[in-house]
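Below is one structure, written out as structure tokens; the observations come after it.
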Amino acid sequence: MSGLIATPRQIAEVLGRRVLGQEEAVREVSVALAKKLAGLSVGNVLMIGSSGSGKTTIMRAVEAMLASNPELAHRSTVVRIHANVLGEAAVSGRPGGVLLTKLMERAREQLGPD
């Protein structure tokens with residue numbers, strides 16, 4: 001990949017090469033990432049779906065795209081938290097809310113100070 005990719009369409013094109021059958025998810029992630037790269041405020045992107053629906057594949061594609069372009073990588077912040085840990089905690093009897101709070105604290109630590 002050469003040149004700076006910054007528009008949702010360009011990002012979706014790159015992600016679409018690795019993620020098949022999830023056009024809506026790719027479009028939404030592309031818009032959010034383009035806003036973040038442009039310096040705009042972006043909330044969280046929460047992907048919910050059954051196992052095998054492509055959530056991890058989309059995030060791996062985003063990570064690969066950012067890693068392959070240093071111009072993008074230094075302008076973005078992506079923290080990936082796997083919620084399957086919450087399910088595992090529920091099975092072992094720990095409250096999911098407490099674990100989710102700990103996961104969010106870990107994400108804040110990865111992001112560093114404001």
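The values are calculated or read from the model by the stated rules, or taken from the named source; none is laboratory data. This is a predicted model, so every value here is computed, not measured. Note that each Cβ is placed from the backbone with ideal geometry, even for glycine, and that neighbours are counted across all protein chains shown. Areas reflect the complete protein model, heavy atoms only, side chains present, ligands, DNA and RNA absent. Shrake-Rupley method; radii C 1.70, N 1.55, O 1.52, S 1.80 Å.
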Subset of segment 21-49 [closer than 17 Å to Met65 by Cβ and small (Gly, Ala, Ser)]: Ala25, Ser30, Ala32, Ala34, Ala38
Residue that is nearest to Arg108 (Cα to Cα) [pool: residues in segment 48-60 that are free of Cβ contacts under 8 Å to residues at least 40 places away in the same chain and assigned to a helix (DSSP H, G or I)]: Met59
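Identify, please: which residue in segment 18-47 is polar (S, T, N, Q) and part of a loop (DSSP other than H, G, I, E, B) and is, among those, nearest to the chain's Cα centre (by Cα)? Write out each step before concluding.
Let us first name the residues in segment 18-47 that are polar (S, T, N, Q), namely 22, 30, 41, 44.
Now drop any that are not part of a loop (DSSP other than H, G, I, E, B), which leaves 22, 41, 44.
Numbers: Gln22: 14, Ser41: 15, Asn44: 9 Å.
Going through the qualifying residues, I end up with Asn44.
Determine whether segment 88-99 contains at least one residue that is at pLDDT below 75, over 14 Å from the mean Cα position of the chain (by Cα), among the aliphatic types (A, V, I, L, M) and open to solvent by 90 Å² or more (accessible area, probe 1.4 Å). Give the derivation first.
Just the residues of segment 88-99 that are at pLDDT below 75, to begin with: 88-99.
This time we only want the ones that are over 14 Å from the mean Cα position of the chain (by Cα), so: 88-99.
Subsequent filtering for residues that are among the aliphatic types (A, V, I, L, M) retains 89-91, 98-99.
Filter again for open to solvent by 90 Å² or more (accessible area, probe 1.4 Å), leaving 91.
Yes, segment 88-99 contains at least one residue that is at pLDDT below 75, over 14 Å from the mean Cα position of the chain (by Cα), among the aliphatic types (A, V, I, L, M) and open to solvent by 90 Å² or more (accessible area, probe 1.4 Å).
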Residues (more than 18 Å from Ile48 (Cα to Cα) and without any contact (Cβ under 8 Å) to a residue 40 or more places away in the chain) located in segment 18-37: Ala34, Lys35, Leu37
